[in-house]
Each structure stands twice: as structure tokens, then as C-alpha cells.
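Worksheet: one structure, shown below.
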Amino acid sequence: MSTGAVLYAGAIGLFLIGCYAMVAERHLIRNILGLVLVESGVNLLLVAVGFRENAAAPILKAGQSAGMMVDPLPQALVLTAIVIGFGVLALALALVVRVHQAYGTLDTREVARLMRVEREASGPGAAGPRAGAKS
Amino acid sequence: MSLLLRRRFFWEEIDLMSLLDILLLVAALLASGLFVLGRGSFAGWLATVVYGLMLAVLAIAGLALDSGVAFIPSAMSFEILGRNLGWRLDGLGWFFALLTVGAAFFASWYGSGEWGRKQKRMGLQHALLALNVLAMLLLLSSGDLLSLFIGWELVSWAAFAIMTQGGGPAVAAAYRYMIYALAGAMAVFAAIMLVQNVTGGLGFADLQTAISAMSTAQVWVLFILFAAGFGVKMALMPFHLWQAPAYSETPGASSAFLNAVSARMGLFALILVLVKLTGLEALGSLAIPFTFMSAKSALMWVAAITMVVPTFIALMQTDARMLLTWHGIGQGGYMLLGVLVGTSLGTAGGLMHVFNYATYQAALFLAVTAVIHRAGTSDLDELGGLITRMPWTYVTLLMGIIGLAGLPPMNGFVSKWMIYKSLLDGGQPLLLIMAFAATLGTILSVYKLIHNIFLGQLRREHQHLKEAPVSMVLPMLILAGIGFVTGFMPGLALNITDIAQRAIGGDMLPHHLGGVTLATGSLNMLWVVGVLIGAIGAGALIFYLLGNRRYEVHQFDNYAGGHFLSADIRYHFSHEFYPGLARVIGPWYRGSIVRAEQGIGILVNVAGDLWQAVFRVAYTPLYMLLVVVLGLVFTGSWGIVP
Amino acid sequence: MTLLITLITGVMLLAAIAVVVLRGLLAAVAALAAVSLALSVLFVLLRAPDVALAEAAVGAGLSGVLLALTLRRVGLWPGGPAREDEQ
Amino acid sequence: MNTVPQIIFPVAIPLIAAFLLPIAGRCHAGFGRIFGRAAVLVTFLASALLAWQVAGAGPASSAMGGFKAPLGIVFYADNLAMAFVLLLNIGVWLFWPSGDEDRSGPYTLLLTLLGGGAGLVLSGDLFNIFVFYEIVAVASYGLAASGGSAAGFGASLRYLLLSALGSSLALMGIALVYAAAGTLNLADLALLAPDVLRGPPGAAAFLLLLIGFGVKAELFPVNSWVPEIYASAPVRVTSLLAGIVSKLALIVILRFLVLVFPMPSAYGLLLTLGILGVLAGELAAYRARDLNSTFAWSSIAQLGVIAIAFSIPGPAGIAAGIALALHHAVVKPAFFFIADKWRGDVKLLSGGARTSPLVAALFVLLSLSIIGIPPLPGFWAKYLLLDAAFSSSPAYWLAAAVVLAGAVVEGAYLFRAAGFFYGGPQKGRGAALFMPGELVPAFVLGAVLLVAMFAIAPLGAYITSMAVQAADVPAIAAQILLGGN
Amino acid sequence: MKGYGHTAATLLFLTGLGILLIAILQALPFGLAPMQVGQAIVAAAPGDTGADNIVTAILLGYRGLDTLGEVTILFVAAAAAGMVLGGASRGGAQAENAGFILHSAAYLLFPFLLVLGAYIVLHGHLTPGGGFQGGAILAAAFFVPVLASPASPFNHRTAMLVEGFAGAAFIMIGLVSLVGSDAFLTPFFGKGEAGALFSAGSLPLLYLAIGLKVGSELAGLMARVSGAEAGA
């Protein structure tokens, strides 16, 4: 099995496991874990795309000229993607905290049901957007 | 308004181009003015006078058209998105414009009298009436397919606005109408876009070139889209359910206008697109495979069915307005049938029937509104014996139903005679039989109408009723009078329809003041009416002069069935008016189309719930996954398949 | 080289499966940190030191800690005061 | 070769203002709001100047950091991009939160949304577009949750998960494109695409990008977040998201379609999703009970119509799409403002026309325009769409038929609601009377609609020229690759 | 579709997706990346930017705007999280004092983390690492003491100031080059000789700004989201 096949398999494996966690799991935090896994999978794929056999890392060693190097562009992209992933994760966790305080549960279907109940309950001219934490 | 004078007259001096612009400008000013003026009672009279002026302008335009001018151009034209929109009035448009403004004139006159003062928002109704007239004039004077469609939408939405004035049930009926009208409009929109796809332009000439350039399948699609789109407004058979409730719920004067003219806009558009531009031969050549029928004959059969079935539904109605509106749908069938026969006699008959129908339907509706104004209800089971209290309304209704039934001396007879003759000459015996059946149904139902309202025993609560005020009786009588005059001298009406027929193309119908002289038989109403009046008149005179020994007999000074009548016995027979007939044709009323309409409604509801359920499900990322897989398969296969 | 990459990818996938399978959420977060660590080692092997450092610092380090602390705040730590984790 | 370094202003000014706003907000309570509004005004002026330059001298481009096209990132501004940047600026100005929020949170997010949205439309680099898309996405998560209601947090979390998964798919699409073509610059890709991206990898890459960017563009399967978010987010955020931001995402998809993936399978994919979107949106809206969810579904349908328009190859389709997008951007926010005032089941709103006749009249005007009744601009937009659809292959005839049927269903449920306003008796508290001040943006938009009614010809000509410019791939490639110094 | 039906459907689609992705990736050659742009950058980077670490050259030079976008995303995420959690009550487990080990080690670790973070930030253009990695370590450096002693709340005011001004500095450096009518983010200052600390023109300045911003932002974010400190 060449390194390419292994890496691609690893990337797609991570991606699929992450997708399973995001789609099939009912607990919101497990969905978020799945999201992190999906992002890791895609990052690995990006780096694997830029890899070249027996090429050096894209750092010039003290003034000597650049030998055969790995493609640096995907690495820059992955760096950005990792930080984006962390930003989204932080916001997601903040929302999880507030959802937990508001609804007391983190089960996706429960949250969806409670949200629908709350929307139907907001009758004509009922409380405006400021429905408050516990409505 | 008489057009007897054929000699060239003073119209050369007037710059023709400004006639149509004056007409449109005046209509627009009137509509906006009435919206601003609002509820002043003089607003109604002002509108009536302005309609009169517009009639005069139309008369001058008629003179010009009569002397061979092809169409009256207008200065108003726009160039939008690479398409230019123009407006011009040709003979066909002029004919329908005459009817529109005429009907508006009488409706507005009727509405500005005492009846108007009792309405909640009469000012708004006058304004909406003016808006309707403006929209119809724009439609009738459209110069190309795009302005035709724009005029078409404006007319259907103006009609929707005027229908909602009736309050609760009227809004529901108007809503139902709006859905039909919108569906029809979208069909027309698709059709004109199809034409533009083939020829790249949207002028009337492009439609003609498109017809020849298209494959038969495309021409069939075009025909069906146009026929269905315009048929909805004309309430042709499968799309007719909305018209009766919508037109009867509208307040009195406006509903007279709607009944008389609004449905005929569909006929105008059908004639313009299918008869004038596409041509009856082209329609005739569109054969339906494996049958002897062609597109033209199919449409004729739809018109025939639309003639018969609504008339017998009208028979069963117990509300006067519903009865009349159902007849409106039926009469539409006559007109279309006449035009589609293809001979000059048929076309003239069809067009004249449009004119006649406008006069007697408006008169009938104004009469029924007068009854409602006085007696408070139009339910045939609640009325009776009003002849003694409202004689002039009775006379109007009588003349109206004679016209509606198509009997001499009224004008209805002439146009029906011409349609029958053209069907006979055109070799369509089956359609002729259906026409007769429809006329039979009409005669039965109109007798029910006049009997239940005016004849029979006067109810106790109607003892004190007075005749409708002059402002209501006068317009009715004039309309009925026009019916009688054009019945007595049909030449007058035929002069008008000549202009329209010349615009449609095809040969003209030689006619004289009294009627028509053809190789296969002629009709001279002067003689027919003369003899009729002469004989009846002489007989009545003799009885009146000689007899003279009559004395008033009170209604209850009577003896029936072995016992004396007293006030509390109600022997006026009106409920279930035709029991025998009902038993015979009862089983035929299966209301299949009503169930079809409800079926579509349920289908949309179920589909809506289905789609909402698709979104209400909690695990939405699954759909993303689903689409990615299907998409990859789709793109993958696409990639492999070159 | 290929053997090493295969080995570490295998470990990574196992840890990923553990994230989904493990009942305890804190254990799942730990497994996620393990995946991130294995991933950063893999990046080193793929001659991407910058990315490896970033993945280690942000992936294993900060997000792992953040997830754990959120679990505590939501009260899902094993033996935590409020409810057990799997409603 | 029009190189304008100032092309970065629509992006840079809002971002720098966003960075400084918390500081401004902290040192003086009300100052945050005013500072934010000032920043939006400055951005609008800069964008207007740039738009004027672009309209005059033709498309401008500028290579960031002075690095030539294939290596660095190049910003490219043509009339289409500048039109939507201006639309975004006006939208943010119009839907700036009302004064009660003293905290600087929503203002920072709005400024970042402004900068990110401008970057999204101006950037000419595939990954850079992804980064700006993420900025817009994260800003909209925050804004959706700024309502403070429990439903708001739940809805924005579910939206975040869906959108983040979509973004990962988009990133995978970018990885496939990079693996196949080796470059990320759109113009470079446009030149390489014919030989490299034709096979299944190219089609798969487009699909992943379409789904990734489709989340915000409310494309069919991935728009399940729409009813939840629009119901719980504050009305100004909803208007911004529904009216303008979703259009930006569609413009990006259009850029991909025109420049990088002009292949039949790509057009077919977008068309299919468009048709499904229209069907789903219209039918679901027909069954919605309250006004807000009705308009949420109907915005899905309208976005589906725009997607159909963009899926028609050639400038005619693009012109129709732009016209529909601009029209929807004016009508939908006004609808949402009305829905925000008239909450709850439509049946309880009966008699609304009596308590507030002006709003009911505005509702009817907007309904007529969105259905496409002639003199109103909605009709001309739909006319352009049908003109484009009918002049291409029969598959688009089906799409045109679906759009027309959609219009009928739309007319049905909009006028059913209007029937309640005008017809029903004054039942429940229903249409609560409200201060007209709260609906100023709605009436402003209504006025814009009426004014546009008279300016159809010049607007039409401008949009068609914009579309021709956007569809001219060789000129764009030349400008990006050689132009920017 | 409760429970298993749903899981089965997901598994089915996942396997389908996996097969398809594998099929598509087979079409892409592994190990011989086309690298038109990559090779060009590797050749041009030392000349254009003077940085040894080519990834940094790309991140700050060639694709400087990506980095600006990225920093903005972090900033937006932090602002949004702050807003979302602004009204949150302290709910959940009250942050009791950390155990003895963490308490004593925290203050021991702080200087080392600080030095390590600063080194990585400053040598971004020479050695692997840079603003983001260094910033993350700095964030950890500032966050650990908060974990150790929840009593002393994290100083959000200064963090917010540093964050704001560092972000503004990044954009100002980009806009400065606009004055000389170069494009946005054009590196100025001399390149310096390769390998020295003060080489690669304005890139180290950019990375410094990023390092500070990411450091302060992440620390504030971690403190707020984890609710570790007593204060709001």
C-alpha cells in the first residue's frame, strides 16, 4: 500500500467517522467532536495533496539554495483552516453552554422540539425578540 | 350614437393619432381623480358624464375606422429591455371598447343615484370601476404581445379589486377567482415567451411567423396555453367554477359591469390571438391524431358544452343573481361558437351576440339589483308578486329575459338566429342541436326568474314596496330600450360589428337595416316585429276598446281547489320550480369538476405538508450527505457518459 | 517511512473511532486530543513542521482543554454534580 | 489594464473599524454605535467612489502584496461585484440595529460581515473566497444568536454545525481542485479548466463547492436552517441575511460556474437544486401558519428561482439572476419587517387592514411585485428569466414552468393572508397597532420598489451590460492575470 | 426513523460516500503534486520576501489577505462568543480552587511558556511556527494561571485593548504600502540578509501583531467560554 493510499485512506477515514458523529449522533457535543474530526480529515487531505516523495520541508537551511521541496501552499492553507476550525469550535461551545442553560438538555431532537414549541407559543404580538433565557 | 350616417364626415380634420391618447388620458385622469375625490356623491355623476364623453370620442373613432382606416395609433410607446411596447386601437378593440365604456356609463349612472348612497364605500367603487375601464382600454388597444399580456394582468387584477368590495363572502370568491386568473395569466406568459423563443420578437406579426415556423407539437402547446389562459377569464367549461359566485357577490352596479363586459375580455383576446393572428384555417389544419376533430372543432365543442351545462345549472339556482351569472357563462359559449364557425354570418352573429348580451345582461342585473334594493333579498323563494309594486322593473326584466332567451322582438333573437343559421350552413348539426337545447334551458330558467319574482302572490311584508327610484329605473329602461331598438332594426348593431369584422379579416356580411338577406334565407326584423306589434297591438286595442267591462278583483277574491283563499295561505308556487325536469336530469348533476378542483386543493396541501416534514426533521446534515452522494453519482456518471 | 505513516494513521483512525464509540464525553474529548496529536506527528512525517506545530498547539492543546472545560461548565464531568452524560 | 490599489478599501475599512470598535465601545457607552455607523458611511463612500471608477474605466484589479497573479491573491472588481458591494453597504446601513443595544457585540459583527461580504465578492482567489465566506458565516452565526432568545441560540448552533460541515466539504472541493490544477487563482483556473477539470474530479469538486457555499445561498437540501434562524433572529439580522448575504453566496457560485466549471454537468446540478428549491419553498410556504415562516419558505423559493436563472449558460441567464436578486433584496426584507410586527397565526391577524391600512397596502404592493404583476419591477425580472429560460434547452422550459407554477402558489398564500387582513372581522388583538417608526426600513424599501418601477429601462440596460461583462471569461482572465501589478 | 433506521441510513450513505471519494482520489496522482504555483513560490520566495520559512512567506506575503481573513475570523468568533456568553449565568460546577499540583506548577510554567511563545512568534520567518502557533502558546501561558486560581479573574480589559490595537496594526501595516501606491500588504523595509533575525522586511512585524492578537484573543476566549474565572 503506497503512502498515498494510506494517507488518502486516513484522511477519508477521519472525514467519514466525523460525518457519522455529526449526522447520526444525537448529543450536540458529540456533533461538535464530529465536526473537529471532519476538519482534521480535510486538513490531512490538503497536506497529503501537497506531499512529494523524498522532498525536504519548505524551510531554507541557513542560506543554502532550495533543494527538492514539498509544496508549501497547501501547508499555508491548512494553517489557516486549523485556526478557522478552532474559532468555529469556540463559538459552537459558547452556544452549547447557552443552549444547555436555556433548555437543560443537549439532545438535538429535544432542542429542535423545544424550539418549535417556543415558536408556536409566541402568539400575536407576544414577547418580541427579547424572549429572555428561559421562555 | 347612431352610425346611420355613412358619408365622410368631419373626422379628417381631427388628428387621428390623438383620439386613442385622449381616450386613455381621460380614463387615467378619471380613475386617479375618483381615487382622490372619493365619496362625494357628485363623483358618480361626474364619472357618468366623463363616460358619456368617452363614448362620443369612441363614436368619432368609429366613424374613422368605418371609413377604412386600419387602426388608430397612439403616441404612447416604450422601449424596455430591448422590447418596444406600443398601443393602437383597431376595429376589434374599438368594438369591445365601445361596449366597455357603454356598460361603465350605465353602471356608473345607476351607482350614482339612490342605490349608490346606500352603499358603504361607493366612492371607492366608482374609482375601481374607472380603474377597470382604464385597464380594459389598455388591453383592447395593445399593439403587441407584451402590452397585450400587461393589459391582461391589469384587467384581471382590477377585476379582483372591484370584486373584493362586497365584503366577507365576496373576498373568498375573489380569492378563488384570483388563483384561476393567475394560473391563466402564467399560461399566457409562457405562451408569449414560447413565441419569442421561436421568432425573437414579441409583435403580433411575430406570432404569425412563429406559427408557421413552429413544429406541430409546439403549435399545439401554444394553442392549448393561449386557449386555456384566455379561457379562464371567459369561464370556458373546465375553468368556469369561479365566475358565478365572484360576479354575483360583487355589489350591484359593478357586477352589472363585470357581467356585461369583463368576461368578454377573454373572448376579445381569444379572437385576437386565435382567430385574427393564427387564423381559423391554421386551427382547422391542427388535426387531433386518430380522430376527425381538429383544434378548431375541439374548441367549438368546448364552447358548445360551455353553452349547455351552465344553462342547466342556472336552472337549478335559487338566487336570482347566481341564475343570471350562470347564464352569463352559458352565453359566452354562444359567442365563441358563432365566431369559430368561420363564415361571415357566424362571425357577425357571434360579435352581435356580444353586443346584445351586454345590453340585456346589464339590464337584467340592474333590475335584480333594484329588487334587492327594495325587497332586500334576491332569493327566489322569498319573493313573488312584485309586478304590482314595481311595474317598470318588471318591464325591464321582461324585455331582458326575452332578449336572454333569444325571442323576437328583442335583439337576442337576431344574433341567435344568425348563429343557428351559420351552424346550419356550416354543416354542424350536432352543435345546432346543442344550441337549441341551451336555448330551451334558457327559456325555462328565465321564466322561473320572472315568475318567482314578479308573478304570483305578493307577500305580506312586500305590501308597502314602492317602485325603484328614477335614477335606477331610467338606466335600466334605456338599456332595455336599446335591446328593443337593435332588435327592431338590427342593421344598427350590424354596422358596429362590421367594423370589428373588418378588423378580424375575412369577407363582410351584406346586411340592411332590417336584417340579413342570404341565398339560403333571409331575416327582416322590420317585418317580424312589425307583424308582431301590429297583430298583438290590434288585438289588445280591440279588447281594450270593446271589452271595457273589467273590474279590479282582489287577489284573495278567489276560489281554488274547493275552498276560499285567505291571506295566510301561501299558494305562490316557487320552490323546486321544475320538479319533473329535476327528476329527469337530476342524475346528470354529478359536480365532477367541483370535485376535481377540490382534489387539486388537497393535493397541494398534502405536498406542502410533505415538504415541511422534510425540513422539520432534526438531523439535517443527513440531507447534505445524501445530496453529496447522489450528486457524485450524478456527476460521476455524467463524466463517464461523454 | 511508509511503515511509520501507516502505523500512525492506524492509531489515528482507532482514536477517531474511540471518539465516537466511547460512552463518557470526557473520554471522547481525550480521544480527540489523541487524534490531534497523532495527526500532528503525521504532519511532521509529511514534511510540514509549521502545520504540525499549529495542530499540536491548537488541536491537542487549546481545543482539548476548551472542550473539557465546557463539559465541566455543562456539568458532564464523570461524577459531576448534575446529570449523567447520556440523556 | 486598470489597476486600482484602493480596491481593498471596501474590505479593509470595515475590518479595521471592527477591530477598534470594542475599544471605542468600552471607553464611552453610546460611542460604539456612532463609531460603527460612521465606519459604514466611510466604507459606503469609498465603495461608491470605486464603483464609479469601475463603471467609468472598466473592471479594475489589484494583486495583493504586489505579487503577480498566479502566486498572490488578486482582487477583481467589475460592475457586478461593485453593485453587490454597494447593496451590502446600503443593507448594513439600513438594517443597523436600533439604539437599545449598548454592548458593542452586534456592531462588531455587522462591520465584519460588511468587510467579509465585500471580500467575498471582490476576491479572485478560490481559497481567499473560502476564508471570506467563513468570516461571513461566523459573523452570521453570531448575529443570529444576538437576539438573546433561547430559540436563537439553538437555531444558530444547528446552523453552525450544518454550515461548518458544508465549509469542510467546500474545503475538500478546493483540495480536489488544487490537486488537479495546481493553482488557486480563478483566472488561472479558467485557463487550465478545459483540460484538467473536465472529468469526474472536476464535477465532484464543483458539487462539493456548490454544497459548501449552498448552505448560505439557501440551496435546496441544505437550507433547513432557514425557518429556524429567521424565526428567532432579530428582524434586522433576518433582513440582512435573507435579503443580501444569501445573494453574495449565489454570486460566488456564479463566479465558479462561469469561470472555472462551465460544463453541462455543473449547470445541470445547479438547475436541479434550483427547481427542487422552488418546489420545496413554495409548497412549504403554502402550508406555513404564521407570516414569518411563510416568508422564510418563500425566500428559499426565491433563491431557488435565482439559482435557476444563474444555471442558464450565457449572459442572459446572469442578467435575469442579477435582476431577480436585486428585486428580492428589496422586497424580502420589507416582508420580514411586516412579519416581525404581525406575529402569530395569520388567522388571528384578521382586520389588520383596519388597524394599520398603510402596512396592509405595502403588503399587497410587495406581494404583487414578488408574484410578477406587470408594471412592477418583479414582472420585468421574471420576464428576463423566462426570456433566458425559453431561449435555451428544453430542460430550462421545465424550469420556467416550475417558476410560473411557483408564482401561482405564491399568489395563493400571499393573497390568502391579504384576505385575512382585509376580509376578516377585527377578531383577536391581531394586528397590533405599532409606531410607524419601527417600520421605516420597510416603507423605504417600498418606495425604492415604486421608484424602480419607473426606471426599468435604464436599470435593465445596466444589468444586461453587467451580465455581459461578467460572462466574458477571456477578458476577466486577461485583467486578473496580466492587469494587476 | 427513530434510532436505528437513522443510524443505518447514515452508515449506508457514509460507505457510499467513502467508495465514491476513494474512486475520485484514485484519479489524482499522489506524490507528484502539479505544483505550478508551489514550485514558482519556492523559487521566488527568498528573492521576494527574504524569509527562510517559505510557508511564512506565503502566509504573510503571497497570501497575506488569507491571514488577515483568518485573524478576523478568530476576532469575530471571540466577539460572538463574548456576546453570546455575555448574559450567561455562572451555572454549572462552581470553579472551586484547583488542586495543589496545578496551583504550584502554574506559576512555575508561566515564564517558560512566555519565552517559548515569544520565541516562536519572533522567529516565525526563520523556523517553523509563527504568529498563530506562538500566539496559542502565549494564550496557554496567560490562561493557565487563571485555571490555577479562579479567584483572580482574567484581565479582559487589557486583553481586549491588545487585541484591538494589534489587529488595527496589522491592517495599518497593510495600508501603509498603499500610500506609496503599491498594492495592499506589500512588504516594505529592506530584506536584510537571509537567516538573520531582522530580515524579511515587514513580515516579522505582521507576525508580531498576529502573535499578540491571537494570544490575547484566545486567552480571553478560553477564559470566557470555560467560565473558569469567578468574574463575568
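Remarks
- Sole exception among (1) more than 7 Å from every other protein chain (Cβ to nearest Cβ); (2) buried (at least 21 other Cβ atoms within 10 Å of the Cβ) for A:PRO58, by number: (1)
- Single match in D:ALA69, D:ALA51, D:ALA63, D:ALA24 (criterion: within 27 Å of E:GLY61 (Cα to Cα), touching a residue at least 12 places away in the same chain (Cβ under 8 Å) and touching a helix residue (DSSP H, G or I) at 6+ places or on another chain (Cβ under 6 Å)): D:ALA69
- D:LEU273 under 21 Å from D:LEU126 (Cβ atoms), in contact with a Leu (Cβ under 6 Å, 6 or more places away or on another chain), in contact (Cβ under 8 Å) with a residue 24 or more places away in the chain and in a helix (DSSP H, G or I): yes
- For the condition facing another protein chain (nearest Cβ under 7 Å), farther than 17 Å from E:GLY220 by Cβ and at pLDDT below 85, E:ALA151 does not qualify.
- Entirely in segment C:1-83, the helices (runs of 4 or more DSSP H) that have 3 or more residues that are at the interface with chain E (Cβ under 9 Å from one of its Cβ atoms) and not hydroxyl-bearing (Ser, Thr, Tyr): C:49-54, C:64-74
- Selection of segment B:105-163 for residues being among the hydroxyl-bearing types (Ser, Thr, Tyr) and either in contact with a strand residue (DSSP E or B) (Cβ under 9 Å, 6 or more places away or on another chain) or within 24 Å of B:ALA56 (Cβ to Cβ) (or both) yields B:SER108, B:TYR110, B:SER112, B:SER141, B:SER142, B:SER147.
- Selection within segment E:204-221 - closer than 15 Å to A:THR80 by Cβ and in contact with a Ser or Thr (Cβ under 9 Å, 6 or more places away or on another chain): E:LEU206, E:TYR207, E:ILE210
- Restricting segment E:43-66 to residues that are within 7 Å of chain A (Cβ to nearest Cβ) and crowded, with 24+ Cβ neighbours inside 10 Å, the residue that is modelled with the lowest pLDDT: E:ASP52
- Inclusion of D:ASP290 among residues that are buried (at least 22 other Cβ atoms within 10 Å of the Cβ), touching a residue at least 12 places away in the same chain (Cβ under 8 Å) and of a type in the set (Asp, Glu) is warranted.
- One residue from D:LEU348, D:LEU358, D:LEU324, D:LEU368 being buried (at least 24 other Cβ atoms within 10 Å of the Cβ) and assigned to a helix (DSSP H, G or I): D:LEU324
- Residues that are under 19 Å from B:ILE22 (Cα atoms) and over 27 Å from the mean Cα position of the chain (by Cα), drawn from segment B:75-92: B:ALA75, B:MET76, B:SER77, B:PHE78, B:LEU85
Conditions tested, residue by residue: (1) surrounded by fewer than 24 Cβ atoms within 10 Å (Cβ to Cβ); (2) at pLDDT below 85; (3) polar (S, T, N, Q).
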residue: B:THR100; (1), (2), (3): no, no, yes
residue: B:ALA103; (1), (2), (3): no, no, no
residue: B:ALA107; (1), (2), (3): no, no, no
residue: B:TYR110; (1), (2), (3): no, no, no
residue: B:GLU114; (1), (2), (3): yes, yes, no
residue: B:GLY123; (1), (2), (3): yes, yes, no
residue: B:HIS126; (1), (2), (3): no, no, no
residue: B:LEU129; (1), (2), (3): no, no, no
residue: B:LEU137; (1), (2), (3): no, no, no
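- Matching residues in segment B:492-505 - criterion: being outside any loop (DSSP other than H, G, I, E, B) and within 16 Å of B:PHE71 (Cβ to Cβ): B:ASP498, B:ILE499, B:ALA500, B:GLN501, B:ARG502, B:ALA503, B:ILE504
- Residue within segment D:13-30 that is aromatic (Phe, Trp, Tyr) and either over 23 Å from D:VAL121 (Cβ atoms) or modelled with pLDDT under 85 (or both) present: no
- When each of E:GLY195, E:GLY211 is tested for being buried (at least 24 other Cβ atoms within 10 Å of the Cβ), small (Gly, Ala, Ser) and either over 21 Å from the mean Cα position of the chain (by Cα) or at pLDDT 75 or above (or both), the lone residue that passes is E:GLY211.
- When each of B:LEU63, B:LEU25, B:LEU30, B:LEU58 is tested for being closer than 30 Å to B:LYS276 by Cβ, without any contact (Cβ under 8 Å) to a residue 12 or more places away in the chain and assigned to a helix (DSSP H, G or I), the lone residue that passes is B:LEU25.
- Subset tally (residues that are closer than 15 Å to C:LEU42 by Cα, at the interface with chain E (Cβ under 9 Å from one of its Cβ atoms) and either among the polar types (S, T, N, Q) or under 13 Å from the mean Cα position of the chain (by Cα) (or both)) for segment A:3-38: 1
- Conditions (1) surrounded by fewer than 22 Cβ atoms within 10 Å (Cβ to Cβ); (2) under 17 Å from B:ALA263 (Cβ atoms); number of the one not met by B:TRP152: (1)
- D:PRO375 meets all of the listed conditions (1) modelled with pLDDT under 90; (2) touching an Asp or Glu at 6+ places or on another chain (Cβ under 8 Å) but one, namely (2).
- Close pairs from segment A:6-34: first in contact (Cβ under 8 Å) with a residue 60 or more places away in the chain, partner acidic (Asp, Glu), Cβ under 8 Å, at least 6 apart: A:ARG26/A:ASP107; A:HIS27/A:ASP107; A:HIS27/C:ASP85; A:HIS27/C:GLU86; A:LEU28/A:ASP107; A:ASN31/A:GLU25
- Segment B:506-517, residues that are surrounded by 15 or more Cβ atoms within 10 Å (Cβ to Cβ) and not in a loop (DSSP other than H, G, I, E, B): B:HIS511, B:GLY515, B:VAL516
The values are calculated or read from the model by the stated rules, or taken from the named source; none is laboratory data. On a predicted model such as this, the values are computed, not experimentally measured, just so you know. All Cβ positions, glycine included, derive from the backbone under ideal geometry; neighbour counts span all protein chains shown.
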